[in-house]
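Please see the structure below; I have some questions.
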Ligand SMILES: Cc1cc2nc3c(=O)[nH]c(=O)nc-3n(C[C@H](O)[C@H](O)[C@H](O)COP(=O)(O)OP(=O)(O)OC[C@H]3O[C@@H](n4cnc5c(N)ncnc54)[C@H](O)[C@@H]3O)c2cc1C
C-alpha cells in the first residue's frame, strides 16, 4: 500500500511561514473504519489523498472489532418483520446516552445507518450473516454481523478499495501537530515519518500540506493509561482494556492544541461482557455478547441470583456490577452455546466451562446451588412465555433458548472498552473550535476520536455505523474543501 498515488503532488508548498515537504489535497489520519471510509469518499470525488497510520499494521480497533453493525430498515429487519425507524434508534441512543448526546449528530447517524450499511455491503462487497441480533440497549433487534464476527472483513474490503483507487497508505507515520495558518485554517500537519510505536520522537519530522482538508480519524484512547486516569482516576493501570495498543491520545491532544472543542472526555465505557480469565477482548467477549446475554442469564456468584436485565445498556450493566460489588458470571444452555463459532477455542482456553449438571457448576464455581437452581427455573419458566417479570429483559418466546444442561459458563470482569467522548463535530463532520464553537476551516473528524454522538453510553453496533456515516461525510466535506 505504500506506492504513491498517481495524483500525488511532490512539490514543497508554503503556508504562512510554514514550509511543507509534501502536498496532497486531502490527508487522513488513521486507517480504521472512519479513516478508510473518508479516504475512499475523497478519492472517489477525484482528490489526491494520503492516509497516514502510526502502527505497523492498519485497521486499529476496527480490525479487531466484533463486526456488529446497527442498522435501521435493512432487508433483514424487513424479512423478520421488525418495524424500526430512525426515530426509534435515536431514542435508544439518547436513553443510553442519558440525554448528553448532541441531537443533530444522533439524527445524522440514525438517518444514514441504512445508507452506510448498503454502501459497506454493496459498494465494498462485505458479506453479512443472516442473523439479526437484539443487542444491549436497543429496543429492537437491529444488529447485523459479519460471518466471522469480526470487523477485519470490513477493513479488508476497505483496503482493497483504497488499493484500487491508488490511495497511498503510509504506515509508521504519526501525526504530531496540526498546522493552522494565519487565517486559522488547518493547512496541514507535522508528522513523524518512520515512527516506531511507542517511541516518541522516533522517525523524521516532516510537514505535509493538505490543500482541501485534514480528516482526523485516529480513534479512541482506551490504552492511554496516563490520559484516561487523568480523566477518571479509577481507570488506572490495574484495569485491563479490550483495545489495540495504538489506542492512545496524542492525536486527540494535537487537535485540542489546535483549538478543537472537547466533549464528554471522561465518559469512558467499560465493557460488561469481558472475561476475567483472559487478557483484553479475547475469545470470551463475543461468547457473552452473542449467546450469553441474549440467551442466558448473568448471576452474581455470591448470591446465585440475577441482578440486572442482561440486555440493558452497557453503562447500566457496568454500574450494577461495580457499584453493587457483584461477582458476575453468565450461564447458557447448550443449544445457544453451540451457535457461537469460537466455542471450542473458548473451552480450550478455559474462558468458558462446560458442566453436565447445575450442581457440578455450583460446586466448581463456589455458588450456592439452591438459589441458583431457583433462579434458573424461574427464568426458564417466565422467558418460555416470552416475559421477564423480574428485570424486563426483552425475551421472545419463539426466538430464545431454554437454559438446559449441559451448561456453559463464563466469568466476567469489565474492562475499558470505548471512549464516548472526543472532539465535537457538527453534522458535516467539521471540527468545532473551542473558542468560537464554529467550524475550524480545513479540519474534519469522524469515529471514536469524536464525541457528542453517544453521550454517556454508546449502544451495540453504533460505533461501526457512526464511523462509516461520519467517515464518508468527512471525506466528502474535505474533498469539497
Ligand atoms: C475489541 C473491540 C470490539 C468492538 N466491537 C465493535 C462492534 O462489533 N461494533 C461496533 O459498533 N463497535 C465495536 N467496537 C468499537 C469500534 O470498533 C471502534 O469504536 C471503531 O472501530 C473505531 O474506529 P476508528 O476508525 O474511529 O478508530 P480505529 O479503528 O481505532 O483507527 C484509528 C487508527 O488511527 C491510528 N492512529 C492513532 N493515533 C495516530 C497518530 N497520531 N498518527 C497516525 N495514526 C494514528 C491508530 O493506530 C488506528 O489504526 C469494538 C471495539 C473493540 C476494541
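The values are calculated or read from the model by the stated rules, or taken from the named source; none is laboratory data. Since this is a predicted model, take the numbers as computed values, not measurements. Every residue, glycine as well, gets a Cβ built from its backbone with ideal geometry; the counts of neighbours run over all protein chains shown.
If residue 253 satisfies all but one of (1) under 26 Å from residue 55 (Cα atoms); (2) within 16 Å of the chain's Cα centre (by Cα), what's the number of the condition it fails?
Here residue 253 meets the rest and fails (2).
OK, next. Name every residue in the stretch 55-76 that is surrounded by fewer than 23 Cβ atoms within 10 Å (Cβ to Cβ), out of contact with any strand residue (DSSP E or B) (no Cβ under 9 Å at 6 or more places or on another chain) and within 22 Å of residue 396 (Cα to Cα), in order of residue number.
73, 75
Among the helices (runs of 4 or more DSSP H) confined wholly to the stretch 301-372, which include 2 or more residues that are under 21 Å from residue 405 (Cα atoms)?
Working: elements: 314-323, 334-337, 343-348, 358-365.
Hits in the stretch 301-372: 334-337, 343-348, 358-365.
For residue 255, state whether it is buried (at least 24 other Cβ atoms within 10 Å of the Cβ), at pLDDT 95 or above and over 22 Å from residue 457 (Cα atoms). Talk me through it step by step, then tell me what you get.
Details: buried (at least 24 other Cβ atoms within 10 Å of the Cβ): yes; at pLDDT 95 or above: yes; over 22 Å from residue 457 (Cα atoms): yes.
Judged against the criteria, residue 255 is a match.
Right, residue 227: crowded, with 22+ Cβ neighbours inside 10 Å and either within 13 Å of the ligand (Cβ to nearest atom) or more than 28 Å from residue 433 (Cβ to Cβ) (or both) or not?
Working: crowded, with 22+ Cβ neighbours inside 10 Å: no; either within 13 Å of the ligand (Cβ to nearest atom) or more than 28 Å from residue 433 (Cβ to Cβ) (or both): yes.
For residue 227, the condition - crowded, with 22+ Cβ neighbours inside 10 Å and either within 13 Å of the ligand (Cβ to nearest atom) or more than 28 Å from residue 433 (Cβ to Cβ) (or both) - is not met.
List every residue pair whose Cβ atoms lie under 8 Å apart, where the two residues are 6 or more positions apart in sequence or sit on different chains, the first residue falls within the stretch 188-203 and is more than 25 Å from residue 478 (Cβ to Cβ), and the second residue, located anywhere, is more than 9 Å from the ligand (Cβ to nearest atom) and assigned to a strand (DSSP E or B).
That search, which allows pairs on different chains as well, returns 194/204.
Scan the stretch 75-91 and give yes if some residue there is under 19 Å from the mean Cα position of the chain (by Cα) and over 30 Å from residue 175 (Cα atoms), otherwise no. Give the derivation first.
Pass one, the stretch 75-91, residues under 19 Å from the mean Cα position of the chain (by Cα): 89-90.
Filter once more, keeping what is over 30 Å from residue 175 (Cα atoms): 89-90.
Yes - at least one qualifying residue is present in the stretch 75-91.
Name every residue in the stretch 125-139 that is assigned to a loop (DSSP other than H, G, I, E, B), crowded, with 19+ Cβ neighbours inside 10 Å and in contact (Cβ under 8 Å) with a residue 60 or more places away in the chain, in order of residue number.
Narrowing the stretch 125-139 to residues assigned to a loop (DSSP other than H, G, I, E, B): 125-132, 134-139.
Still in the running and crowded, with 19+ Cβ neighbours inside 10 Å: 126, 128, 132, 134-138.
Within the stretch 125-139, 134, 135, 136, 137, 138 meet the criteria.
Another question, then. Would you pick out the residues in the stretch 429-481 that are under 12 Å from residue 255 (Cβ atoms), buried (at least 23 other Cβ atoms within 10 Å of the Cβ) and away from the ligand (no atom under 16 Å from the Cβ)? Step through it out loud before you land on a result.
First, pick out the residues of the stretch 429-481 that are under 12 Å from residue 255 (Cβ atoms): 431-434, 440, 443-445, 449-451.
Remaining after also requiring buried (at least 23 other Cβ atoms within 10 Å of the Cβ): 431, 440, 443-445, 449-451.
Scanning the stretch 429-481 gives a single hit, 440.
Every residue, every condition in (1) at pLDDT 95 or above; (2) within 12 Å of the ligand (Cβ to nearest atom); (3) closer than 17 Å to residue 40 by Cα, yes or no:
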residue	(1), (2), (3)
144	yes, yes, no
150	no, yes, no
160	yes, no, yes
173	yes, yes, no
179	yes, no, no
182	no, no, no
185	yes, no, no
200	no, yes, no
